[in-house]
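The values are calculated or read from the model by the stated rules, or taken from the named source; none is laboratory data. Keep in mind the model is a prediction, meaning the values are calculated, not measured. Cβ coordinates were reconstructed from backbone atoms using ideal geometry, including for glycine residues, and neighbour counts include every protein chain displayed.
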Amino acid sequence: MAETFVIAQGGGPTAVINQTVVGATLEARKRFPGARVLGALHGIRGIRDGHFVTLSELSDEQLRAVAATPGAALGSTRDKPDDAYCESILDGLRKVGADAFVNIGGNDTAGTQAILADASSGRISCIHAPKTIDNDLVENDHTPGFISAAEFVAGAFLSLDLDFRALPGVYVGIVMGRHAGFLTAAAAAWSLDEYSAPHLVYVPERTFERARFIDDVRATMSRHGRCIVAMSEGVVGANRRSLVEELVPPEMQERDQHGNIRLSGTDLGQAVERMLAEDLPRTRARVDTFGYLPRGNIATINEDDAREAFEAGAFAIASAEKGAGSAALHHSSAGTIFRLVPLSEVAGKTRHMPSDFLHPQEDRVSEICLRYLARLVPRKFAAAKPFV
């Protein structure tokens, strides 16, 4: 079928996104001997500007080394293409004789593929390969990148629980997650027992109320002598706007090319610290923003996550002959299986945590959520329960 494949990466890097690049490259080499595989540098921008690396010229050993390395080896972009930009991308694909284009990313990347698929009238097979630590792609049970990031978060909160048992106080960890709380919920994956951290979980799917937050913290401190909180950076207020938008003056807000407000590195952490200082004076409290730390940590690359990311790339190549689509990870009794779904089912849509993943009355995750996390992020450490 194809003689030339183009592969690009979009959006935030992960610990396993390079596995998808290499899975696609090696699958193209196996299925189409002699085929050329080009990696676009900095995503669709590299296609527009004619900046490529020839992946098919690399040895298997070189490719495997890239696969095992976190980050986006090809470079990424958050460019949101308009009609003119899309035409320049298509022109760049035509110039290199691309028969198929595999774009690795989240729902915005799927949206780009949908636009390109329509504009190319099927002459170039546009495949979306999933990637996001937010775990928020519809049609997917889970997404490559999530499990490794979830292990980081689970391990961090288990460690924080042990730390704050020794020197009690209040701790708030702010975790990435713009519209979905899956990664924040992962803070509970390795809890020692029902009395352990995180005691409180705040996610975008549920409205955040300052008075309730303070009451929750006060009650938890009374019950356990300490309170550890997992909070999504995308938590929203009563008007369903992110707290960042409510707390940061409009002239200081930053947005990306997709119109998304910049959440990491904002004043959310400082605002939470002020809430605690004002409403719970003389309470030992600490607020940390995890930021980018979980998404590409070389020390927490999960083997299953890496394997599935690799298989997602291979599946994308195997699906190229079928035309445009998005590779989706489904769960079955046999494990994870891949399906090709229409781009329109994924593009621009957000998968939120199901309502039954949250306790109906309390700000914490439910047993159903814990079972889901146990399947994807099984406990790795047998920590002893402290005496205090």
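Just one of the listed residues (Val236, Val217) is among the aliphatic types (A, V, I, L, M), within 17 Å of His359 (Cα to Cα) and either in contact (Cβ under 8 Å) with a residue 24 or more places away in the chain or crowded, with 16+ Cβ neighbours inside 10 Å (or both), namely Val217. Is segment 102-124 home to any residue that is assigned by TED's automatic domain parsing to the domain that holds Lys30, in a loop (DSSP other than H, G, I, E, B) and of a type in the set (S, T, N, Q)? Yes; the residues of segment 102-124 include at least one that is assigned by TED's automatic domain parsing to the domain that holds Lys30, in a loop (DSSP other than H, G, I, E, B) and of a type in the set (S, T, N, Q).
May I ask you to say which residue of Glu311, Glu367, Glu321 is among the acidic types (Asp, Glu), surrounded by 14 or more Cβ atoms within 10 Å (Cβ to Cβ) and either without any contact (Cβ under 8 Å) to a residue 40 or more places away in the chain or outside the structural domain of Gly177 (by TED's automatic domain parsing) (or both)? Give the steps one after another, and end with the answer.
On the way: Glu367 fails: surrounded by 14 or more Cβ atoms within 10 Å (Cβ to Cβ); Glu321 fails: surrounded by 14 or more Cβ atoms within 10 Å (Cβ to Cβ).
Answer to the check: Glu311.
From the list Ala166, Ala197, Ala150, Ala188, the one residue that fits, being out of contact with any Cys (no Cβ under 7 Å at 6 or more places or on another chain) and under 30 Å from Arg78 (Cβ atoms), is Ala150.
Summed over segment 257-282, residues that are surrounded by 15 or more Cβ atoms within 10 Å (Cβ to Cβ), part of a loop (DSSP other than H, G, I, E, B) and either at pLDDT 95 or above or over 24 Å from the mean Cα position of the chain (by Cα) (or both) total 1. The test for being modelled with pLDDT of 95 or more, in contact with a Gly (Cβ under 7 Å, 6 or more places away or on another chain) and aliphatic (A, V, I, L, M) does not hold for Leu373.
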